[in-house]
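Comments concern the structure below.
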Amino acid sequence: MNQWFILLKKEFLEMSRNYKWVWVPITFILLGILDPLTSYYLPQIIDSVGDLPEGTVIQIPEPSAAEVFIMSLSEYQLIGILIIVLSTMAIVSGERKSGVVQLILVKPVSYFSYITSKWAGALILISSSLFLGMLASWYYTGVLYEFLPFSDFLAAYWAYALWLILVLTLVVLCSAALKHPGATAMVTLITVFVLNLVGGSLTHALEWSPTQLPLYVSERLTTNQWPEHIWPAAGLAALFTFAFLVMAILLFKRKELAD
């Protein structure tokens, strides 16, 4: 266990040297406050840059606080996933390519400790960044519109975190299986795109799919209750996360032994 914490500390140090502890949380926070500010100041923005004829009146219906918060969360479904992939695509393949893996595994370091410490470090970074970003969105939505119950914020956070942790674990799996970070990013993004496309097209047939979690968050915020399939979807997200992590360890071990 001491070995595992040493490896985790190494991950924290590396992320600090790459300024990931700075730019990833800041990016998530900016994504979180973008929609509340844009929605609130949209009439003024149109007036200042619209170049409309004199006397033109544009009436924009004011969205509810829940709608603004949902729009803000949709940024993490698109740009947030891209940030996760780009910031972690070299998590294993990058060290394999540079030869760092061989230097570490020369010592009595288990494949389990190596992969899980990397996953845990990235998990802490992404989950804390998501929390700060969603908290900023919740706060600005409250200041500009009205405050949603904090319980709604927590409910939205855990469901979104489950989905993004699943995506993160998929990145780790691809990075363990592939030798080039670019290939890792491409395979992960294509996989997530296909999963979202299939899940979005077959909503009623795949109500248990983890890809439905963001949709269920929206329903929770608008109706104040969870859809009946939230727990199967959440359970499968946790199960797939565990399965992807185990597969990453096995694939990494197989490739290193083959090399």
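The values are calculated or read from the model by the stated rules, or taken from the named source; none is laboratory data. Source: prediction; values computed, not measured. No Cβ is skipped: glycine too gets one built from the backbone with ideal geometry, and neighbour counts run over all protein chains shown.
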- prompt: Can you name every residue in segment 103-136 that is surrounded by 16 or more Cβ atoms within 10 Å (Cβ to Cβ) and in a loop (DSSP other than H, G, I, E, B)?
  reply: Val109
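Could you tell me whether any residue of segment 211-226 is in contact with a helix residue (DSSP H, G or I) (Cβ under 7 Å, 6 or more places away or on another chain), of a type outside the set (Lys, Arg) and farther than 19 Å from Tyr160 by Cβ?
no
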field: Restricting segment 7-24 to residues that are surrounded by 13 or more Cβ atoms within 10 Å (Cβ to Cβ) and of a type in the set (A, V, I, L, M), the residue that is modelled with the lowest pLDDT
entry: Leu7
- prompt: Out of segment 141-188, which residues are outside any helix (DSSP H, G or I) and either under 20 Å from Ser209 (Cβ atoms) or in contact (Cβ under 8 Å) with a residue 24 or more places away in the chain (or both)?
  reply: Tyr145, Glu146, Phe147, Leu148, Leu178, Lys179, His180
- prompt: Quick one: which of Leu245, Leu215 is of a type outside the set (Asp, Glu), in a helix (DSSP H, G or I), closer than 21 Å to Ile124 by Cβ and out of contact with any Lys or Arg (no Cβ under 8 Å at 6 or more places or on another chain)?
  reply: Leu245
